[in-house]
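As structure tokens, the structure follows; a few thoughts come after it.
The values are calculated or read from the model by the stated rules, or taken from the named source; none is laboratory data. Everything quoted here is computed from the prediction, not taken from an experiment. Backbone-built Cβ (ideal geometry, glycine too); neighbour counts: all protein chains shown. The area values use the complete protein model at the heavy-atom level, side chains included, leaving out ligands, DNA and RNA. Shrake-Rupley method; radii C 1.70, N 1.55, O 1.52, S 1.80 Å.
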Amino acid sequence: MKINLLKKASISAALFFCGAFLALAARGSEAEMKEIASRAEKIAPALAEAPDIGARSAGRAPWDRLAQLGSAQRIVKEAERQLKLENPDLPEELYKEFYENGNRSRYQSKFGALNNRVEVFALAETFENQGRFVDALNDAILYLCEQPSWVLPAHDRNASVYDQKDVYSDLGATLAAGNLAIAVNLLADKLPPETVALAKAEIERRVLAPYRDAVAGGNFMTTVNAIQENLPPSIIEKLKAEIMRRASTKNTPDLADKVADKVKAGMWWVRTTNNWSAVCHAGTIAAALNIVESREERAFYLAAADYFSETLFMQGFTNDGYCSEGMGYWNYGVGNYMILASLARVATDGRLDMFRFPKMQAVLDYAPNLEIAQGNYAVFADCSLNARPSALYVGYLSRLKNYGYTAFEVAGLGDNFNVGDLMQATSFGFDNEVTFAENPAEATPLKLPIRSDFPDAGVMICRPSPDAVGRYFATAFKGGHNNEMHNHNDVGSYTLILGDAAEPKAPVALISQDPGGETYTARTFGPRRYEGQLLNSYGHPVPLIAGKLQSTGAKAQGVVLEKTTSDEKDVVAIDFKSAYDVPTLTALTRKFEFVRASGAESGSFTITDTVAFEEGAAETFETAIITFQQFEIQENDEGLTINIADAEVAVSAVDADGAKLKIVAETTIVGENDESTPKKPTRIALRIDKPVNYATVTQLFTAK
């Protein structure tokens with residue numbers, strides 16, 4: 001098996017070395033290459049001669065320190081457990097199930113389990129240094145290298161990577177490569193030489209070569225000739241060799257350009273602004289730092305990641321630091337960016353600071369300030385209801401830059417550091433100055449302000465007064481637009497919490513809320529995305545007008561008409577008419593009025609929707625409350641009263657003359673028959689009982 005796999009890797013390296021040129025996201029310009037080369041020239045002197053990020057050269061001391069941590073001891077126990085298990089079965093039909101029924105979870109979980117075996121066995125062996133996990137690690141590495149694709153099925157266009165028709169990398173491939181590269185670098189003296197060679201060849205073929213191609217881009221020969229004085233000789237030699245190989249083997253001199261034109265989409269993440277940039281760059285750079293011999297070439301990889309992070313990834317956040325992808329993807333994207341930047345710190349002895357960008361503090365501030373109250377966070381976009389910011393990520397950057405989030409620092413660093421995977425262990429775990437600072441600040445409880453405002457994103461979070469002693473409301477509401485990353489059609493959405501300051505450890509009641517994201521399937525990121533009721537506006541506490549849901553796109557937005565704030569009350573009004581494709585609609589506004597709790601007064605929360613249609617036109621109008629709570633609906637002369645947990649909602653409506661309009665309530669289960677809806681809230685529709693030309697609908701939330 002080992003010999004056959006090694007032969008396979010050698011043939012692959014000969015045929016496809018830069019043959020991962022089949023993966024081009026965008027055409028790299030000469031100016032772009034010169035800027036990257038300039039950065040690389042400054043970075044190179046700070047790197048070690050050998051491809052080593054300090055893990056081996058530092059000796060046993062750092063690993064002995066990590067081995068004492070509770071998280072490391074749990075990894076050893078997990079490795080012992082996994083010694084009794086076989087590598088997960090990964091047949092072709094499991095990989096290609098995604099193309100048949102859209103299920104992406106079953107293969108991903110098993111592929112993740114395989115990668116986890118590599119990480120766990122390598123870490124456990126490094127902690128113990130006794131040899132008892134080497135054979136299992138070797139088997140896991142060989143099995144991983146045997147897999148036709150490290151690209152996840154959902155990212156593999158028509159299984160072209162799996163079927164060996166294409167070569168490019170994605171989230172799965174880059175993270176697999178990063179951890180595998182560290183494993184074979186750390187344990188090269190214990191693993192069979194052919195295993196180490198095979199792993200390096202596969203990392204080169206599947207991840208590093210496609211990255212070089214995507215960065216250089218464009219007309220290969222023209223680009224190489226133009227920039228050869230600006231790039232490391234080893235990279236130029238590899239680029240030219242691939243061009244000549246393609247031209248000679250196919251007898252097609254212009255084949256390189258045709259290849260570039262054919263598959264631009266494969267490496268799109270190199271020049272994107274979303275979480276893929278950070279995650280894929282982190283894995284790619286970890287791989288390069290651990291297996292690329294040339295110091296100048298390693299500097300090239302770091303310089304490219306630094307350049308694309310500054311010019312693109314950081315642009316994915318609004319100037320106020322808001323992450324439209326949601327808290328879960330903040331942990332994933334920003335967390336991996338911090339791993340990337342920490343790897344750069346360790347590799348360059350602190351001389352490359354990828355946290356230097358002006359927006360970085362605002363990006364960090366987003367996470368703790370997204371808390372509504374008592375550990376409950378806003379979950380707009382594709383986000384789990386349980387998403388919370390990582391104490392490690394917040395704490396690490398806070399301590400590095402002295403941002404003052406000391407409670408996160410203590411919770412995530414020092415003895416509480418979570419070793420995690422190999423990338424996390426050899427980035428944060430080898431940063432003595434930060435993760436294991438000698439005299440860390442003591443933890444002080446985070447005192448959130450009475451409001452956190454993200455004006456560029458159209459999001460505001462309102463909290464009670466610090467002197468509140470009884471029940472209180474806290475809320476997060478948004479305007480924004482419907483073309484955000486991991487977008488939901490949710491202009492005007494909100495989450496409302498009712499808590500009790502006298503019992504700060506007691507669970508709060510989420511009265512009405514944004515219900516979070518769905519379980520991913522092929523539909524989630526395809527043309528049928530907004531069939532999902534958690535993603536379209538049906539599953540959000542926003543209006544339904546003339547029977548129509550909100551539209552998708554940047555034009556569907558909430559324009560702020562009014563914003564007034566004070567210690568007592570916050571008021572924000574938005575115009576979101578553009579979110580509905582209703583030709584007769586002439587006006588649609590939503591006003592949020594938050595009266596904060598103070599002393600024994602619990603405050604209130606009011607939502608006022610005003611809608612108008614063309615003269616002579618009458619259309620239906622309803623809004624909704626989305627809740628997971630038990631509730632009771634009562635009709636009265638004023639409209640409706642809905643009791644939800646310990647809150648009461650008075651719902652009323654009037655026409656243009658102030659005459660009362662009848663409101664009727666109807667309940668449905670969001671995503672009732674949809675397996676992709678993990679938790680199914682109730683939608684309480686609040687509908688005016690007949691078409692109207694003009695109406696104002698008011699929802700007043702008070703504590704019972």
Inter-label distance, nm, simple model (7 Å from Cα along the C-beta direction), GLU100/LEU312: 3.6 nm
Computed over region 545-704: relative contact order in percent, which uses C-alpha pairs under 8 Å that are six or more apart: 22 percent
Selection of trypsin sites (Lys or Arg not before Pro), region 495-531, meeting DSSP coil and at most 15 other Cβ within 10 Å: LYS505, ARG528
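Quick one: what do you get for region 437-488 if you divide its Cα Rg by 2.2 N^0.38 Å? If you can, show how the numbers build up before the last one.
Working: Rg = 16.5 Å, N = 52, 2.2 N^0.38 = 9.9 Å.
It is 1.67.
For the chain, what's the relative contact order in percent, using C-alpha pairs closer than 8 Å and at least 6 residues apart?
On the way: 1496 pairs, mean separation 82.5, N = 704.
Dividing the mean separation by the residue count of the chain yields 12 percent.
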Region 318-362, accessible area per residue, ligands and nucleic acids excluded (1.4 Å, Å²): 28 Å²
Helix 295-311 vs. the chain, principal-axis angle (Cα, 0 to 90°, nearest 10): 10 degrees
DSSP-assigned coil residues among trypsin sites (Lys or Arg not before Pro) in region 348-415, each with at most 11 further Cβ atoms within 10 Å: ARG356
Accessible solvent surface per residue of region 146-192, calculated while the other protein chains remain in place, 1.4 angstrom probe, Å²: 27 Å²
Rounded D (µm²/s) - the chain, Kirkwood Rh over Cα pairs, Stokes-Einstein at 10 °C, 1.306 mPa s: 58 µm²/s
Between 0 and 90°, nearest 10: helix 360-369 axis offset from the chain longest Cα axis: 50 degrees
Three principal axis lengths of region 386-516 [C-alpha, angstrom, descending]: 45, 40, 24
Residue order for ARG81, ARG212, ARG388 - accessible surface, 1.4 angstrom probe, largest first: ARG81, ARG388, ARG212
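Could you calculate the FRET efficiency of GLU615 with LYS555 from 1/(1 + (r/R0)^6), where r is the beta carbon distance between them and R0 is 22 Å, rounded to 0.05?
Computed FRET efficiency for GLU615 and LYS555 comes out at 0.35.
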Residues ASP89 and ALA522, FRET efficiency given R0 of 22 Å [Cβ-Cβ distance, rounded to 0.05]: 0.45
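Which order do the peptides 40-46, 268-274 come out in when sorted by mean C-beta neighbours inside 10 angstrom, highest first? Intermediate values should be presented prior to the final figure.
Working: 40-46: 17.4, 268-274: 20.3.
Averaged packing, sorted descending, gives the order 268-274, 40-46.
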Residue-span extension gain [ASN643 to ASP349] - 0.36 nm each, minus C-alpha spacing: 99.9 nm
Sparse-neighbour loop sites [GluC sites (Glu not before Pro); region 577-644; at most 13 other C-beta within 10 Å; DSSP]: GLU614, GLU615, GLU638
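Expressed as a whole percentage, what fraction of the accessible surface of the chain belongs to carbon and sulfur atoms when a 1.4 Å probe is rolled over the protein heavy atoms?
Working: 13400 of 27260 Å².
Answer for the chain is 49 percent, counting heavy atoms of protein chains only.
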Region 577-704 - Rg over Rh from alpha carbon coordinates, Kirkwood radius: 1.00
